[in-house]
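See below for the structure under consideration.
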Amino acid sequence: TDVVVAGSGAAGCGAALAAVARGLRVVMVEKADRLGGATASSLGGLWVPGNHLLEAAGLGDSLDAARRYMRFLGGGYALAPMMEAYLNHSREALSDFAAAGVPFRLLRGLPDHYYPQADGSVADGRLVEVEAVARDAIGAWGERLEEGVYNEEGVSWGDA
């Protein structure tokens, strides 16, 4: 084993996929009896400003607007280096995972939480999710996926 990943949420799965894509051998450990971590509780949505899907759909966005919105969300407590790292690398990470075969789609019609009141918020395009995958397509692991408590079994956020 070259890399040990703790957790099976988006961060853990992303770290494992990035390592495998670089030819490393990965072991993922999860404390729960189901896969998905806290990401399942958030319905699996990812907030990625200026992402490639948004651009392909002809929706406008800017990192400056996203920065202003993140400052609003942070209420003065956001750490600037962490915020800048997210703004500068989340789009690249999403594109890299898509290139590795992870099929993402925009969650259309879902604005930023505080739209239009918050400076920098947008009406559409920053939220993405992985396209639905049939449970039987991933074998025995399909029955061990955590879906969260906010949606019906087998229904994604975008489909709901």
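The values are calculated or read from the model by the stated rules, or taken from the named source; none is laboratory data. Just so you know, these numbers come straight off a predicted model, no measurement behind them. Positions of Cβ are backbone-derived with ideal geometry, glycine not excepted, and every protein chain shown enters the neighbour counts. Keep in mind that these areas ignore ligands, DNA and RNA; they rest on the heavy atoms of the full protein, side chains included. Shrake-Rupley method; radii C 1.70, N 1.55, O 1.52, S 1.80 Å.
Annotations for the structure displayed:
- Residue in the stretch 70-91 that is surrounded by 13 or more Cβ atoms within 10 Å (Cβ to Cβ), in contact with a Gly (Cβ under 6 Å, 6 or more places away or on another chain) and closer than 15 Å to L46 by Cα present: yes
- Looking only at the stretch 134-160, and only at residues there that are in a loop (DSSP other than H, G, I, E, B) and at pLDDT 80 or above, the one that is farthest from the chain's Cα centre (by Cα): A134
- Any chance G36 is open to solvent by less than 30 Å² (accessible area, probe 1.4 Å) and either within 13 Å of the chain's Cα centre (by Cα) or of a type in the set (D, E) (or both): yes
- Selection within the stretch 99-140 - open to solvent by 30 Å² or more (accessible area, probe 1.4 Å), of a type outside the set (A, V, I, L, M, F, W, C) and farther than 18 Å from D159 by Cα: G101, H113, Y114, Y115, P116, Q117, D119, D136, G139
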